[in-house]
Amino acid sequence: VRYAAFTALNRMGRARPEMWGYIVAGLESPKPLVREGTLYALRETYDEALVKALIAAPKSAESLAALAELHRSPAPWKGQWWGTQPVAQPRPAKAVEYAGTKLVLEALRAALADSNAAIRRAAVESVLVTKDLETAKSLRELFAKESDVEVRKGILRALGTVKDAAASELVASA
């Protein structure tokens, strides 16, 4: 039943993009199962209208995580199999930009400056998914003024993920 529900929500959003705002509202539910089902309905749907609805929704760790997953789409399947043991292979990289890519990255970069530490933490964790090199300078600046220990730890992980050479002094001092 749950699978049918989130599949139906996804199909409604794809068929009528103006519905994404109503679907994304499920992320604000006090019920964890509703929030989880909403995230399932949004996954792997690379639609600019969905991205705009997520950006317009109240910021939460879930909405930022959903945005991060939509930063790029995987390359189209070329008719080749992953080999005899697909579990041993990594998933294809998300490397194809689409109309929502720029919006996603801008929203995640803006969330780094949010006054709420949980939102900043989610924005920093999004860099682990997006591997957005342009956030490196912002992350270094945020590390210098950040008071939340978890956000600082996340910044160090994110800087390592994007392989920011300018962060070497910052890492050594930490």
Q.
Can you list residue pairs whose Cβ atoms sit under 7 Å apart, with the first residue in the range 72-91 being free of Cβ contacts under 8 Å to residues at least 12 places away in the same chain and the second being open to solvent by less than 60 Å² (accessible area, probe 1.4 Å) and part of a loop (DSSP other than H, G, I, E, B)? Count only pairs 6 or more apart in sequence or on different chains.
A. Gln89/Gly83
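Here's the yes/no breakdown for (1) surrounded by 15 or more Cβ atoms within 10 Å (Cβ to Cβ); (2) closer than 26 Å to Ala41 by Cα:
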{"site": "Gly83", "(1), (2)": "no, no"}
{"site": "Ala88", "(1), (2)": "no, no"}
{"site": "Arg91", "(1), (2)": "no, yes"}
{"site": "Lys137", "(1), (2)": "no, no"}
{"site": "Ala144", "(1), (2)": "no, no"}
{"site": "Ser147", "(1), (2)": "no, no"}
{"site": "Val151", "(1), (2)": "yes, no"}
{"site": "Leu159", "(1), (2)": "yes, no"}
{"site": "Ala165", "(1), (2)": "no, no"}
Q. For the range 126-136, does any single residue satisfy the condition of being farther than 21 Å from Ile55 by Cβ, among the aliphatic types (A, V, I, L, M) and over 12 Å from the mean Cα position of the chain (by Cα)?
A. yes
Q. Looking at the range 9-66, which of its residues are open to solvent by less than 40 Å² (accessible area, probe 1.4 Å) and more than 25 Å from Ala113 (Cβ to Cβ)?
A. Asn10, Gly13, Trp20, Ile23, Gly26, Ser29, Gly37, Thr38, Ala41, Thr45, Asp47, Ala49
**Q.** Matching entry among Thr101, Thr45, Thr7 (being of a type in the set (Ser, Thr, Tyr) and touching a His at 6+ places or on another chain (Cβ under 9 Å))
**A.** Thr101
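The values are calculated or read from the model by the stated rules, or taken from the named source; none is laboratory data. Since the model is a prediction, treat every value here as computed from it, not as a measurement. Using ideal geometry, Cβ is built from the backbone for each residue, glycine included, and neighbour counts are taken over all protein chains shown. These area figures cover heavy atoms from the full protein model, side chains too; ligands, DNA and RNA do not enter into them. Shrake-Rupley method; radii C 1.70, N 1.55, O 1.52, S 1.80 Å.
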